[in-house]
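Single-structure report; data block below.
Every number in this text was worked out from the coordinates using simple rules, so none of it is lab data. It should be emphasised that the depicted structure is a prediction, and the values quoted were computed from it without experimental measurement. For neighbour counting, all protein chains shown are included, and Cβ atoms are generated from backbone atoms with ideal geometry for every residue, glycine included.
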């Protein structure tokens, strides 16, 4: 009996050792599995970040490309503005000679064709009239007259403005009146 007990104890000890080895192996496998899960999570996050960055870059490049196409003619139009100004000056001079009137009709026709072509490209001609309220977004005051009014108003239009889609290429160049409210404020400041 003692032998049997001894054998049983030895057997139990071996079983405990086997179970201990199994639990060590299981713990090791669990640790490896958790480490692998963490690594998968890390690389999955890295993938999503890279994907989002790539998408953002793609969208940015597409927008830059669309803007480049949209505004490709800006420098050309800026070079063309003095020619348009010359047309406006020439067409604003009153002519009495019949031969010159015929030339003026031809120049007017060419000028209108040029403006139609520019309109197709997205160029808008900005114009103001004498008496219009001064708009600081589309106008540039290059002179101030001695006239006074309640609001700053256009007294003279020196040159038209030009806009390419939503970009202002050149503001309308105007001469403006003084504002009565600004004069009163200046007198208060002087006192």
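Go ahead and collect, in residue order, the members of segment 134-160 whose backbone nitrogen is under 18 Å from a label point 7 Å along the Cα-Cβ direction of residue 115.
Output list for this probe position: 157-160.
Would you compute, from DSSP H runs of 4+ residues alone, the mean residue ellipticity of the chain at 222 nm, taking -39500 (n - 2.57) per run and dividing by the full residue count, rounded to the nearest 500?
Rounded to the nearest 500, the figure is -23000 deg cm²/dmol.
For a test of the definition: using alpha carbon positions, the gyration tensor, and the 1.5 limit on a/c, classify the chain as rounded, prolate or oblate.
Values: a/c = 10.74, a/b = 3.16, b/c = 3.40.
Note, shape of the chain comes out oblate.
What is the spin-label model distance, in nm, from residue 14 to residue 63 if the labels are put 7 Å beyond Cα along the C-beta direction?
7.4
With everything on Cα atoms, drop me the angle between helix 98-120 and the longest principal axis of the chain, reported from 0 to 90° to the nearest 10.
The angle comes out near 10 degrees.
What is the ratio of the Cα radius of gyration of segment 97-141 to 2.2 N^0.38 Å, where N is its residue count, to two decimals?
1.63
Stretched out fully, how many nm does the piece from residue 147 to residue 76 gain, at 0.36 nm a residue minus the Cα gap?
Full-extension gain reported as 21.8 nm.
Looking at segment 74-190 only, what percent of DSSP beta bridges run antiparallel? Nearest 5 please.
65
Given Cα pairs under 8 Å that are at least 6 residues apart, what percent is the relative contact order of segment 74-190?
Contact order relative to length: 24 percent.
With the crude spin-label approximation of a point 7 Å out along Cα→Cβ, what separation in nm comes out for residue 95 versus residue 107?
The two pseudo-label positions are separated by 0.6 nm.
When Rg is the radius of gyration of the Cα atoms in segment 1-70 and Rh is its Kirkwood radius, what does Rg/Rh come to?
With Rh from the inverse mean 1/r over Cα pairs, Rg/Rh is 1.70.
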